[in-house]
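Trainee: Please find one structure pasted underneath; my questions will follow.
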Amino acid sequence: MFRKILIANRGEIAVRVLRACRELGMQTVGVFSEVDRNALHVRLADEAYAIGPAASRESYLRIDRLMDVVRKTGCDALHPGYGFLAENPALQRACADAGVTFIGPSAEAMEKMGSKTAGKQLARRSDVPTVPGNDEPIENQEEAQSLARSMGYPVVLKAVAGGGGKGMRIVPSDAAFAGAWRDASSEALNAFDDARVFLEKYLIAPRHVEIQVFADRHGRVVSLGERECSIQRRHQKVVEEAPSPIVTPELRRKMGEAAVRLARAGGYENAGTVEFLVDANLNFYFLEVNTRLQVEHPVTEQVTGLDLVKLQIAIAAGHRLPFEWETITPRGHAMEVRLYAEDPDNNFFPSPGKILSRHAPTGPGIRLDEGVYEGYTVPLDYDPLLSKLIAWGNSREETISRLRRALDEYTITGIRTNVSLFRRILTEPDFLRGEIHTKWLDELLARPRPPVRPPRPGTEEAAAIAAALWHLEQANDSKAKNKMESQSEPSRWKLQGRREQVDGSL
Ligand code: MV4
């Protein structure tokens, strides 16, 4: 296939891609910014090169520097990961000009899907249901407002160039229209250099369900099923699972066929995700297409048994998708939580710093996709995603209990993490019943915290013993200072773990 691949990314996804390359017997080339010199992806790559200062504008977003490394090292392909330049047509074009394969869709497909209204038009032409509203940018406020009146409130204004909820404004009533119009347009102009907006009927508490598609160069397009991604905070996914608790085989087939029709109509190639909103009556509506491998791809891998990164590489090398996958059905259940270096007690403020100790969970049904290690300093310059903890089980219940068990095993000290958020989510009755929607987590976090749960029998004593041992160790080892330094960290994290079990702080 390929001999040598440049991985134009950092963190856990660079590590993930690197692993696939290694299994395929391909050489890997990493890149790093000044603050990433000691990052895990740099240590694991066969070779790695500096591409500039910490600011991503001057390093991970510099196409010229990436292409310099490609030429210097003789790479024959480039994998963009997600984020950074993954959905930027200019990188695809630069690769084509250099005679290197970009592992992803064509620049034309990215451009077509980059505009929300163009995506909606493509969906409508492909007989894929869209949210009631218009799919052309609206020029003036009067025109938009009269359309809103005829549709009935609430409506939502969205940026044509949008994504991640930027430039999006919910309009509850006619009186609120003018203000919302002004806010949406100016936010869109600021964020995307494009003030154009369009209008949709606002769905009250929909679910976010997305379909993973793959398309090869020979006209075959397949659906690998859905991921349920309704648990989000500020448009940032927090928990994802496959299959979705509400999707029946019938709905899976319908959504899968719709996503495949859309990808086919868009001349799509490689991995893509078609996002839908699903209402309480299980009607689904096209939202947008993501033209990249997604953060949450592991849950699809766990229930399909496929390696999506290897599949991406194979397709980019011109291989065909096997026919059988057109009828793929999920096996068991998978769930992912995103562990971030952020402080849940301080409004999820980023909490970078040095990881003093780390104990990774293992055991049945557990997978950890990570970009960090003990002794590593998490830089403050990038998204503070540390690791993705993924559980697989025969049933949703078994998956959740494995995930909870693994979260209890997982200890990281030195930095704050959002692990307590998952302890809370994974015990909420609504969540356990699968009754979730895109506003669910915001509503949960707005509620006062539940009272601190009483310690389990025995844990109080265990904590007291651990604390006593800790003090003893400190006192005894003052003569052997070196020894104490090497032991003090494990003891500290043990104590920390006990403390968390006892006060059950959420
Ligand atoms: C919507 C919606 C309700 N009705 N559109 C948010 C980000 C952007 N990609 C689309 N989004 C939404 N569009 C209509 N017509 C609700 C959301 C939405 C949302 C969607 C997916 C996941 C999380 C969300 C959180 C809040 C709002």
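Trainee: Do you know which residues across segment 373-426 are open to solvent by less than 10 Å² (accessible area, probe 1.4 Å) and polar (S, T, N, Q)?
Mentor: Answer for segment 373-426, where residues must be open to solvent by less than 10 Å² (accessible area, probe 1.4 Å) and polar (S, T, N, Q): Ser387, Thr399, Asn418.
Trainee: Among the candidates Gly152, Gly133, Gly163, single out the residue that is open to solvent by less than 50 Å² (accessible area, probe 1.4 Å), within 16 Å of the ligand (Cβ to nearest atom) and over 26 Å from Cys229 (Cβ atoms).
Mentor: Unique residue meeting the criteria: Gly152.
Trainee: Quick one: count up the residues across segment 66-94 that are in a helix (DSSP H, G or I) and either without any contact (Cβ under 8 Å) to a residue 24 or more places away in the chain or in contact with a helix residue (DSSP H, G or I) (Cβ under 8 Å, 6 or more places away or on another chain) (or both).
Mentor: Looking only at segment 66-94, we keep the residues that are in a helix (DSSP H, G or I), and these are 66-73, 89-94.
Retained after the next criterion (residues that are either without any contact (Cβ under 8 Å) to a residue 24 or more places away in the chain or in contact with a helix residue (DSSP H, G or I) (Cβ under 8 Å, 6 or more places away or on another chain) (or both)): 66-68, 70-72, 89-94.
Residues meeting the conditions: 12.
Trainee: Which condition number does Leu321 fail, the rest of (1) over 19 Å from the mean Cα position of the chain (by Cα); (2) assigned to a loop (DSSP other than H, G, I, E, B); (3) crowded, with 20+ Cβ neighbours inside 10 Å being met?
Mentor: Evaluating Leu321 over (1) over 19 Å from the mean Cα position of the chain (by Cα); (2) assigned to a loop (DSSP other than H, G, I, E, B); (3) crowded, with 20+ Cβ neighbours inside 10 Å leaves (3) as the failure.
Table: residues versus (1) at pLDDT 95 or above; (2) over 30 Å from Ile400 (Cβ atoms); (3) touching an Asp or Glu at 6+ places or on another chain (Cβ under 9 Å).
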| residue | (1), (2), (3) |
| --- | --- |
| Phe192 | no, yes, no |
| Tyr202 | yes, yes, no |
| Val209 | yes, no, yes |
| Arg217 | yes, yes, yes |
| Ile231 | yes, no, yes |
| His235 | no, no, no |
| Glu241 | yes, no, yes |
| Ser244 | yes, no, yes |
| Thr248 | yes, no, no |
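Trainee: Here is a check on your reading of the model: is Leu308 touching a residue at least 24 places away in the same chain (Cβ under 8 Å), under 25 Å from Gln92 (Cα atoms) and touching a His at 6+ places or on another chain (Cβ under 6 Å)?
Mentor: Yes.
Trainee: Oh, and also: Could you please let me know if Ala184 is among the aliphatic types (A, V, I, L, M), more than 13 Å from the ligand (Cβ to nearest atom) and over 30 Å from Glu336 (Cα atoms)?
Mentor: no
Trainee: Turning to a different aspect of this structure: Regarding segment 233-248, can at least one residue be identified that is open to solvent by less than 60 Å² (accessible area, probe 1.4 Å), small (Gly, Ala, Ser) and part of a loop (DSSP other than H, G, I, E, B)?
Mentor: Yes, there is a match, as at least one residue in segment 233-248 is open to solvent by less than 60 Å² (accessible area, probe 1.4 Å), small (Gly, Ala, Ser) and part of a loop (DSSP other than H, G, I, E, B).
Trainee: Quick check, is Leu147 within 16 Å of the ligand (Cβ to nearest atom), surrounded by fewer than 22 Cβ atoms within 10 Å (Cβ to Cβ) and over 30 Å from Ala77 (Cα atoms)?
Mentor: yes
Trainee: Go through segment 253-277 and give me each residue that's among the acidic types (Asp, Glu) and open to solvent by 50 Å² or more (accessible area, probe 1.4 Å).
Mentor: Taking segment 253-277 first, the residues among the acidic types (Asp, Glu) are 257, 269, 275.
Scanning segment 253-277 gives a single hit, Glu257.
Trainee: Looking at segment 251-273, is at least one residue within 16 Å of the ligand (Cβ to nearest atom) and part of a strand (DSSP E or B)?
Mentor: Yes, there is a match, as at least one residue in segment 251-273 is within 16 Å of the ligand (Cβ to nearest atom) and part of a strand (DSSP E or B).
Trainee: Check whether at least one residue in segment 197-208 is within 16 Å of the ligand (Cβ to nearest atom), under 22 Å from Arg292 (Cα atoms) and touching a residue at least 40 places away in the same chain (Cβ under 8 Å), and report yes or no.
Mentor: yes
Trainee: While we're on this one: Only residues in segment 48-64 that are among the small types (Gly, Ala, Ser) count as the first member; pair them with residues that are modelled with pLDDT under 95 and surrounded by fewer than 18 Cβ atoms within 10 Å (Cβ to Cβ), Cβ under 9 angstrom, at least 6 apart or cross-chain, and list the lot.
Mentor: Between residues of segment 48-64 that are among the small types (Gly, Ala, Ser) and residues that are modelled with pLDDT under 95 and surrounded by fewer than 18 Cβ atoms within 10 Å (Cβ to Cβ), the close pairs are Ala54/Leu380.
Trainee: Another question about this same structure. Which one of Asn347, Asn283 is within 16 Å of the ligand (Cβ to nearest atom) and open to solvent by 50 Å² or more (accessible area, probe 1.4 Å)?
Mentor: Step by step, each of Asn347, Asn283 is checked, and only Asn283 is within 16 Å of the ligand (Cβ to nearest atom) and open to solvent by 50 Å² or more (accessible area, probe 1.4 Å).
The values are calculated or read from the model by the stated rules, or taken from the named source; none is laboratory data. Everything numeric here is computed off the predicted structure, so don't read it as measured data. All Cβ positions, even for glycine, are placed from backbone atoms using ideal geometry, and neighbour counts span all protein chains on display. Ligands, DNA and RNA are stripped out before the accessible areas are found, and what is left, the full protein with its side chains, is counted by its heavy atoms. Shrake-Rupley method; radii C 1.70, N 1.55, O 1.52, S 1.80 Å.
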